[in-house]
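Taking it in order: structure first as structure tokens, then the write-up.
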Amino acid sequence: MRRIPIGYKIENGAAVIDEAEAAKIRALFEAYNSGLALKDAADEAGLSGYHSSIGRMLKNTHYLGDDYYPAIIDRDTFEETQLIRFKRAKSLGRIHDYSQAPEPQEKKMVSFKLAKVPQKFKDPYKQAEYAYSLIEMEVADGE
């Protein structure tokens with residue numbers, strides 16, 4: 001069974017707007033669009049949740065209205081929010097244009113050698129540190 005989005009309730013088998021909760025959703029969009037971070041916008045709107053769940057609320061197209069859910073948010077507000085989310089993600093380096101990615105560099109073969117490690121320390125951490133210090137690395141030329 002799926003959960004109904006915040007801002008709605010079911011009455012007689014139909015989704016209707018729960019005005020108290022819908023006001024929180026409207027306040028969330030307004031606070032986020034005014035420049036607040038996701039968590040801060042949710043706190044100001046009186047909503048609680050994790051960063052990802054708040055982000056999903058801001059992407060939920062049910063708030064625009066569809067065959068089952070009545071509209072809580074107008075299209076202009078919703079689209080402004082999506083644009084702000086995109087700009088913030090891009091400025092933080094979370095969106096990459098992979099069509100202009102640099103050519104992949106040739107990978108070189110790497111091999112590691114480790115001779116039998118004698119027991120030198122009783123402390124397992126010191127012994128492991130010693131063993132790691134004995135590892136030899138070789139990088140093969142790209143022939």
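None of the figures in this text is laboratory data; all of them are computed from the coordinates on show. Predicted model, so just to flag it, every value in this text is computed and none were measured. All Cβ positions, glycine included, derive from the backbone under ideal geometry; neighbour counts span all protein chains shown.
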Show the residue pairs meeting these rules: Cβ distance below 6 Å; 6+ apart or different chains; first residue within segment 110-130 and part of a loop (DSSP other than H, G, I, E, B); second residue loosely packed, with under 10 Cβ neighbours inside 10 Å.
none
Only one of ILE54, ILE72, ILE17, ILE25 is buried (at least 16 other Cβ atoms within 10 Å of the Cβ), within 16 Å of the chain's Cα centre (by Cα) and of a type outside the set (Gly, Ala, Ser), namely ILE54
Under 6 Å by Cβ, and 6 or more places apart or on different chains, what pairs join a residue from segment 20-46 that is free of Cβ contacts under 8 Å to residues at least 40 places away in the same chain with one that is surrounded by 17 or more Cβ atoms within 10 Å (Cβ to Cβ) and aromatic (Phe, Trp, Tyr)?
ALA41/TYR32
